[in-house]
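These notes are about the structure you will find just below.
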Amino acid sequence: MLSYLNLKTMDINKSLIEFKARFEPVLRNCLNEEVSWSEKVYPQALPVIKEINSMVFAGGKRLRPALAAFSYLIGSGKSGLNAVPDYVLEAGAGLEIFHDYLLIHDDIMDKAKERRGKPTVEMKFRQMYQKLPDSRHHARTAAILAGDYASMCGNKIIAMLPVSEEIRSKVLTLFFDMQREVVSGQIDDCLVLGMTGLDSLTQEAVLRMLTYKSGRYSIEKPLLIGAVLGGMDKKHLKYLEIIGNNLGLVFQISDDILGAAGDTKATGKSNATDIQQGKRTLLAHSLWLKANIEERKRIKSVFGNSEANNIDLEWVKELLFKYEVVQEMKGLCSKLTSEVHTLLEKHFDMQNTGVRFLYGFGTFLRDREH
């Protein structure tokens with residue numbers, strides 16, 4: 001068995017860069033097919049399709065397709081990115097484009113103006129339609145339609161993978177389960193838990209929402225889809241599901257830490273937005289439990305208040321450090337990551353490239369700064 005120190009030498013950032021170099025031509029081809037179709041058949045849709053292209057290639061680490069590719073290596077027992085077939089990369093393209101559909105609609109729901117340091121799709125359409133009457137309505141309509149088209153594109157790619165009917169059926173089941181879970185989690189976040197008072201929040205409810213809204217679609221399902229494409233047996237798929245759940249929580253908790261206390265230059269987005277929007281996170285829940293009566297009164301006046309001033313917002317952030325909430329959440333991420341390492345060491349071949357990537361990926365998620 002490899003030592004932790006040896007495994008730690010795997011550079012996850014370098015691996016992701018190498019993966020992107022192999023993956024992005026496949027992703028671009030998938031989107032170019034839509035551009036070509038529109039140019040030939042329905043040019044009226046071209047501005048929206050081109051905007052999807054712009055967003056997809058505006059940035060992003062390609063985590064979901066990378067996870068699918070590396071878990072394919074685990075399932076197949078093969079090693080090295082060159083051993084990943086194109087159809088696995090095509091599955092990754094479906095995951096990535098579907099991800100961008102969710103981001104487009106998420107930005108609309110959050111009334112966000114920036115994504116990855118650039119204007120959101122809705123904001124770009126506002127510029128395009130600024131001379132039209134009711135330009136905001138037109139821009140929002142266009143952004144919703146861009147999301148709809150991206151969703152269709154992602155589904156089409158997954159449904160048309162050149163694999164056996166048995167494998168395709170398993171992959172589609174995972175993909176549709178993923179869609180049901182993420183939309184259900186978003187419903188909870190926006191319309192149920194998102195409307196629950198801080199004094200009524202429970203850790204269990206927040207964890208359930210985070211798992212469904214983000215963890216399973218960001219980590220668990222891409223891992224399982226890649227593993228199924230690689231032919232992994234049921235026993236190891238079950239272990240991988242647990243690993244995916246743990247890493248999904250690490251992903252979302254670390255994202256929430258960045259959302260409330262991250263470096264805005266590194267993340268490309270405001271670290272006050274989550275507080276202004278009143279996001280029901282584990283940080284918010286923990287802070288509420290630890291704050292005194294007077295502090296809770298002020299937190300209530302700031303939390304979920306889009307007009308909150310910088311003084312109040314900075315006060316809430318300072319409170320997160322005063323009560324060591326950020327440190328507590330980082331500790332939870334470390335615990336979850338350690339459990340992942342244990343499962344990988346016990347049940348998987350630590351010499352496999354995919355296993356080594358996944359081992360280092362937990363630490364990468366735990367320690368990420370953007």
Could you line up ASP106, ASP199 from fewest to most neighbouring Cβ atoms inside 10 Å? ASP199, ASP106
So how far, in whole Å, is the C-alpha centre of region 132-163 from the one of region 292-359? 32 Å
Most exposed first by the Cβ proxy, i.e. fewest other Cβ within 10 Å, how do THR342, THR353, THR281 rank? THR342, THR353, THR281
Label point 7 Å out from VAL183 along Cα-to-Cβ: which residues of region 88-115 have amide N under 15 Å? 98-99, 101-103, 105-106
Please state the shape class of region 4-367: rounded when a/c is under 1.5, otherwise prolate if a/b exceeds b/c and oblate if not, all from the C-alpha gyration tensor. oblate
Check the straight Cα-Cα distances from LYS50 and name the lysines below 25 Å, setting aside those fewer than 8 residues away within the same chain. LYS20, LYS40, LYS61, LYS111, LYS113, LYS118, LYS124, LYS131, LYS156, LYS269
Among PHE125, PHE70, PHE357, which one shows the highest mean-square fluctuation when the chain is modelled as a Gaussian network with alpha-carbon springs under 10 Å? PHE125
If the cut-off is 23 Å between C-alpha atoms, which lysines fall inside it for LYS322, apart from same-chain ones fewer than 8 positions away? LYS279, LYS290, LYS297, LYS300, LYS330, LYS335
If neighbour count is taken as other Cβ atoms inside 10 Å, put ARG28, ARG115, ARG126, ARG280 in order from fewest to most. ARG28, ARG126, ARG115, ARG280
Name the residues of region 271-301 whose amide N is less than 16 Å from a point 7 angstrom out from the Cα of ILE311 along the C-beta direction? 298-299, 301
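A short reminder: the numbers here are calculations on the coordinates, not readings from a lab. Computed from a prediction, not measured in an experiment: that's the story for all the values here. No Cβ is skipped: glycine too gets one built from the backbone with ideal geometry, and neighbour counts run over all protein chains shown.
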